[in-house]
Amino acid sequence: MNGPAAHVAPPVAPSPLRAVVDLLASMKLTIVLLLAFGVLTFAGTLAQQHQGLFVVQRDYFESFWVVWDTQMPLPLGRDLTLKVPLLGGYSILLALFVNLVVGGVVRHRWNWRNAGILVAHLGIGLLLVAGWVKLHYSYAGHVALYEGKSTRTMVSFHDFELALLRRDGDRVVERTVPATAFEVAARAPRSVTLDAPDLPFQVVVSGWLENCRPQQKGPMFATDMPVVEDGQGAWFLQSVPPEKERERNTAGCYVTVIEKVGRKEHKAVLHGLDLRPFAEERSPFRFEVEGTTWGLDLRRVVWDLPFAVRLDRFEKSDHPGTMMARDFSSWVTVFDGAAEGRPVHIYMNHPLRSHEHVFFQTNWGPQPGSSMKGPPWWSVFEVAKNPSDAWPKYASYVILLGLLVHFIAKLIRFLNSSTRRATLPEMS
Amino acid sequence: MMRGLAKWWLWSFAAVLAAQQPAPEAAAPEVVRRTHAWSPATVEALATLPVQEGGRVKPLSAHAAATLHLVHGRRDMKLDTDGDGKDDLTLTPTEWLLDVWFFPEVAAHYPLFRIENVEVLDAIGIPHEGGQRFRLEYVSFAAMAAPGRVGVPGQKLIELAHQYSRKQPLDRSPVESHLVNSAQQVNTYYDLHYQMEVLRSTFPIEGEPLRAALGEVESLDFAALLERLPAFRTLLRENSDKLEDPAWAGAARLGAALQQLSGSDAGAALFPPTGSVGDSEVWLGLGGVLDLGVRGDIAAEKLGMVRHLQRAIVATEQGPRERELVQFRDAVVARATARGEYAKVELENTYLTKSWHYQALHWFLLAIVVVGVGWLAPRKRWLWALGLVATAIPLGMLTWDIVLRCLIRERPPIVNLHDTFLFIAAVGVAAAIVGEVIVRRRFVIALAPIFGALLIALARAFEVEDGKDQLAPLIAVLDTNYYLATHVTSINMGYAAGMFGALVGTLWLLLQAFGIARHDQAFHKAVVRACYGIVAFGLIFAVFGTIYGGVWANDSWGRFWGWDPKENGALLICIAQVALLHARWCGWVKDLGFCVGAALTGIVVAFSWFHVNLLGIGLHSYGFASSTKSALFWYYGIQLALVAVGWFGTVMRRVGAAAAVPAAVPAGD
């Protein structure tokens, strides 16, 4: 490109390790990954129209790969169905992180001229790490409380668990299995057997439905689903099409408890409906084996909180003359040691952060137009435990600093450059 | 709900009448017989009458403008009063609203509801002359209520809208969407049309007991009845067991009528509460005032306001009518001032009257001419400077417009999508002026006024399309000036740079493709450098704005990133710009590739800015009408076509140049 070279050295094949490092450090790899990420983001965004946010997040952005199933409109009103395999968000972001560390930081020239770029890359690295930590080490749920009520547990939005309960004196001993461990395998016609050596029975889970409602079987209609008799009638699970907003789904399944001695069977229909804050108490399926009463409950995953929280007062105000919420906020008391607790005001954009948990004001009830009327009011908090909660904020400052340093320095260099002066037009 | 049913019933009643009459043929355009005119002084005074609507106190002019926008799609009403087929009178929104309130029978004949598709007219049975598909027609309220081919068009409209409103907005055909929107417009106008009806009514005082309590009169008007409501209330309380008696039928009927009226407020609230804002924030309509009266809680001051308004309504001459109306306005202003709610009303009225951004639109158009003249004499410094000044003047107007909006709302510059147009226009033009001062090659300043004018025109089109109060208060989650000032402002600066970068990139492509100034390589290089600078500028704000949006979401929704379509859109802009800059740095693209990438980034920005809101999912789903979507597809198509022409032309020109001078070293990519 720059004229004939005086001397051409014979090409030396790089070592395999060097070649790998060169590839990982390559800026061209960065571009390819960014373009792949752009295509994935575009495809995922369009897919959200039909599949909802949760499913797309899981299948597109938290996966290693995905098949983008899309239809393109053609003339004459026909659609062309395309199935395009794409790298998933997990793979791309992991590769980008490696590329960033190797190419953007380790292999980058560490000098003042590149200081801004290095800082910006460090910020992006921090952001990616924050995302990874969030994906693997965080969980989120909600707490719904009536005024005057308190709790020290939070409930998952999406996930279910099967809880085996046993009363031991005045306490209840729980053993739980997350539904993610068996929900796919337990879909009809298959079943999953749960067993533990110290239990006198096995639990067979079958007929798993992502969204369903229990129905009482009457004589006037037939159903393909299994029907289970209990003391109050015959029950079956009626499948309901899954909602795009996954938190609206209520899972259900059939369980058969088989005693290890005697093979006696206890059958039940379990349904994960959660009625909090109206009903705190749940009604698990009860059965007795070898003189001990056990309970089985399908419920949304419950986590213990490191403190108790009581809703003292909820207040909602509308813009005058409208039903548009201007503000809704809760006054709570947090009991984390001190007997009398400490008062906290939680309102929009002002969450409570305590013991690595964050409480956000997210909803309330009874809502206008519903059959119930307040007061009393209930307040709903989204609760998240995320070790990397504040990291993105720090990352944004670092990235901003890096980009500003880099581009301002570049602008100053350009303003002082002879190139610019040479291209200025002559004017009189 | 009850009001909706009542309207349904009224339209049905009109339909019964209509069925007894022959369906009319296509009628000639209506000639409006306007019987009156408002004096400028009265209109000016009434423009600053404070009213409460949509959760805030605003001038009547703002309420009138927003309503006229919603139902008419314009901010003025043009009338043909002499029947020559040409409009000869233009009413301001305040004049129009006063006409509707005080002369509803006349205003009902104004050409009001904009019908953009004759299939809509066919669907509701309004006769028309042409089969032209996209003819624009204005239909009066009287035509909506008159007998038509399929009954009463207004009733048919509401029936069809009811049917189509069950469909998801994105699943509706253009005609179905139009019918749903038109029904909303007719409903809004219906409320306005009948808002003052109670002041024209008289209430019969029937039966001896009622007359003994309320005075020996045959009937009472609204204000007089309000005065006597405490006595009526006492009468009912002491004789509740006698209301079944025929002698008390009149009292029972009056009680039932008052009960119905007291719960039927529609339109803007005109009467401020007597106490302070802390006691009550909610203003009252005539139904609310009646409710106060029934409870024996009405103050003399409020009664005085009602009396002035009623006298204005029933006056037969314009002079006394206007005098009473101004007295009503003065009383309301005095109360609103005492409550501390009048401070922004005059400012907002001035803002609307001056309409600085609309003035800026005209000045930008002038600036395009001035800059164009400057191109004819490129070596004249004073012409270059004149172009800068001509662009800076409307920028100043636009900035002042944005500042006024901030002062009125006490918010940062952007709180809704309409604001984004004005802000992006201002930022883009300001950055262009700075860029022009740096590079001095006149192309940035040539694009700036075009960019500014286009964005302001889009803002006005969006305002009509949206049909909402653009200064409306915020929902709870947006109530944070900190994040509005940081995240929203910076992400929109990213949008501005992305769009302006696309414009500059497209300009370079077209210059290359058509060989414009092809011998001035320094000029072409300067365009690319400007494009690079704008993309880099945009990247800083897009990245910071996107991440800081996550920080806001983390504080309000409990998660930093939820892959919401709007978040994805912002991420796509960052990805596009980062990929483009990296491709430039590693030499994968040169001038041509960079400008193609920058031009295509405009499509990404448009997708993020508006299209994701149309997807009907996520936390930023606003459900716009189909015309916004079609406008977006038009932009995508035009931008892609320009890029294709630019790229193809540039490549062909280079191939031609290489073939003509085989010895020359090919430049660029």
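The values are calculated or read from the model by the stated rules, or taken from the named source; none is laboratory data. Worth saying up front: this structure is predicted, and the values here are computed from it rather than measured. Glycine also receives a Cβ, built like all others from the backbone with ideal geometry; neighbour counts cover every protein chain displayed. Note: areas computed on protein heavy atoms with side chains; ligands, DNA, RNA excluded. Shrake-Rupley method; radii C 1.70, N 1.55, O 1.52, S 1.80 Å.
Among the residues in the range B:578-594, are any in contact with a strand residue (DSSP E or B) (Cβ under 8 Å, 6 or more places away or on another chain) and at the interface with chain A (Cβ under 9 Å from one of its Cβ atoms)?
Applying the first criterion (in contact with a strand residue (DSSP E or B) (Cβ under 8 Å, 6 or more places away or on another chain)) to the range B:578-594 yields none.
There is no residue in the range B:578-594 that is in contact with a strand residue (DSSP E or B) (Cβ under 8 Å, 6 or more places away or on another chain) and at the interface with chain A (Cβ under 9 Å from one of its Cβ atoms).
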Top-ranked residue in the range B:642-669 [being open to solvent by less than 50 Å² (accessible area, probe 1.4 Å) and at pLDDT 90 or above; ranked as nearest to B:Ile491 (Cα to Cα)]: B:Val643
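Among B:Ala300, B:Ala343, B:Ala334, which is the only one that is modelled with pLDDT of 95 or more, open to solvent by 10 Å² or more (accessible area, probe 1.4 Å) and of a type in the set (A, V, I, L, M)? Give the steps one after another, and end with the answer.
Numbers: B:Ala300 fails: modelled with pLDDT of 95 or more; B:Ala343 fails: modelled with pLDDT of 95 or more.
The conditions single out B:Ala334.
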Strands (runs of 3 or more DSSP E) contained entirely in the range B:1-117, each with at least 1 residues that are modelled with pLDDT under 90: B:113-115
Residue among B:Glu238, B:Glu281 that alone is of a type in the set (D, E, K, R), more than 22 Å from B:Ile313 (Cβ to Cβ), more than 14 Å from chain A (Cβ to nearest Cβ) and open to solvent by 20 Å² or more (accessible area, probe 1.4 Å): B:Glu238
Residue among B:Pro59, B:Pro93 that alone is without any contact (Cβ under 8 Å) to a residue 60 or more places away in the chain and under 30 Å from B:Val277 (Cβ atoms): B:Pro93
Flag for A:Trp294 being more than 27 Å from A:Thr180 (Cα to Cα) and surrounded by 15 or more Cβ atoms within 10 Å (Cβ to Cβ): no
Qualifying positions in the range A:305-337 - part of a loop (DSSP other than H, G, I, E, B) and more than 9 Å from chain B (Cβ to nearest Cβ): A:Met323, A:Asp336, A:Gly337
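Yes or no, residue by residue, for (1) modelled with pLDDT under 85; (2) in the same structural domain as A:Gly103 (by TED's automatic domain parsing):
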| residue | (1), (2) |
| --- | --- |
| A:Pro4 | yes, no |
| A:Ser26 | no, yes |
| A:Phe42 | no, yes |
| A:Thr45 | no, yes |
| A:Asp79 | yes, yes |
Some residue of the range A:400-417 being within 26 Å of A:Ser138 (Cβ to Cβ) and surrounded by 18 or more Cβ atoms within 10 Å (Cβ to Cβ): yes
Single residue of A:Glu356, A:Glu340 found to be more than 10 Å from chain B (Cβ to nearest Cβ), open to solvent by 30 Å² or more (accessible area, probe 1.4 Å), touching a residue at least 24 places away in the same chain (Cβ under 8 Å) and over 23 Å from B:Thr480 (Cα atoms): A:Glu356
Meets criteria (in contact with a strand residue (DSSP E or B) (Cβ under 9 Å, 6 or more places away or on another chain) and surrounded by fewer than 22 Cβ atoms within 10 Å (Cβ to Cβ)) for B:Ala472: yes
Residue in the range B:402-417 that is open to solvent by 20 Å² or more (accessible area, probe 1.4 Å) and in contact with a Phe, Trp or Tyr (Cβ under 6 Å, 6 or more places away or on another chain) present: yes
Selection count, the range A:147-160, where residues are assigned to a strand (DSSP E or B) and out of contact with any helix residue (DSSP H, G or I) (no Cβ under 6 Å at 6 or more places or on another chain): 8
Checklist (1) within 13 Å of another protein chain (Cβ to nearest Cβ); (2) under 19 Å from B:Leu258 (Cα atoms); (3) surrounded by fewer than 21 Cβ atoms within 10 Å (Cβ to Cβ) applied to B:Phe271, failing item: (3)
Verdict on A:Ser379 being more than 11 Å from chain B (Cβ to nearest Cβ) and hydroxyl-bearing (Ser, Thr, Tyr): yes
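Per-residue answers, yes or no, for (1) among the acidic types (Asp, Glu); (2) within 14 Å of chain A (Cβ to nearest Cβ); (3) surrounded by 19 or more Cβ atoms within 10 Å (Cβ to Cβ):
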| site | (1), (2), (3) |
| --- | --- |
| B:Ala315 | no, no, no |
| B:Arg321 | no, no, yes |
| B:Arg339 | no, yes, yes |
| B:Glu348 | yes, no, yes |
| B:His357 | no, no, yes |
| B:Leu365 | no, no, no |
| B:Val371 | no, no, yes |
| B:Gly374 | no, yes, yes |
| B:Arg381 | no, yes, no |
Residue tally, condition buried (at least 20 other Cβ atoms within 10 Å of the Cβ) and in contact (Cβ under 8 Å) with a residue 60 or more places away in the chain, over the range A:39-52: 0
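Listed here are the residues, each with its yes/no results for (1) touching a Leu at 6+ places or on another chain (Cβ under 8 Å); (2) of a type outside the set (Ser, Thr, Tyr); (3) free of Cβ contacts under 8 Å to residues at least 40 places away in the same chain.
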position	(1), (2), (3)
A:Glu147	yes, yes, no
A:Leu162	yes, yes, no
A:Ala181	no, yes, yes
A:Leu194	yes, yes, yes
A:Val203	yes, yes, no
A:Gly218	no, yes, yes
Helices (runs of 4 or more DSSP H) lying entirely in the range B:170-283 (those with 3 or more residues that are in contact (Cβ under 8 Å) with a residue 24 or more places away in the chain and under 26 Å from the mean Cα position of the chain (by Cα)): B:174-193
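Mind checking which residues of the range B:300-322 are touching a helix residue (DSSP H, G or I) at 6+ places or on another chain (Cβ under 8 Å) and either among the basic types (Lys, Arg) or more than 20 Å from B:Glu197 (Cα to Cα) (or both)?
Residues satisfying the conditions are B:Glu301, B:Lys302, B:Arg307, B:Arg311, B:Arg321.
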The range B:524-558, residues that are at the interface with chain A (Cβ under 9 Å from one of its Cβ atoms), farther than 20 Å from B:Leu581 by Cβ and open to solvent by 10 Å² or more (accessible area, probe 1.4 Å): B:Trp552, B:Asn554, B:Asp555, B:Trp557
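Go through the range A:43-146 and tell me which helices (runs of 4 or more DSSP H), entirely inside it, have 2 or more residues that are within 14 Å of another protein chain (Cβ to nearest Cβ) and farther than 24 Å from B:Leu614 by Cβ. Write out each step before concluding.
Details: elements: A:53-56, A:89-99, A:115-137.
Once the helices (runs of 4 or more DSSP H) in the range A:43-146 are filtered for at least 2 residues that are within 14 Å of another protein chain (Cβ to nearest Cβ) and farther than 24 Å from B:Leu614 by Cβ, what remains is A:89-99, A:115-137.
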Subset of the range A:389-428 [assigned to a loop (DSSP other than H, G, I, E, B) and at the interface with chain B (Cβ under 8 Å from one of its Cβ atoms)]: A:Asp389, A:Leu424, A:Pro425, A:Glu426, A:Met427, A:Ser428
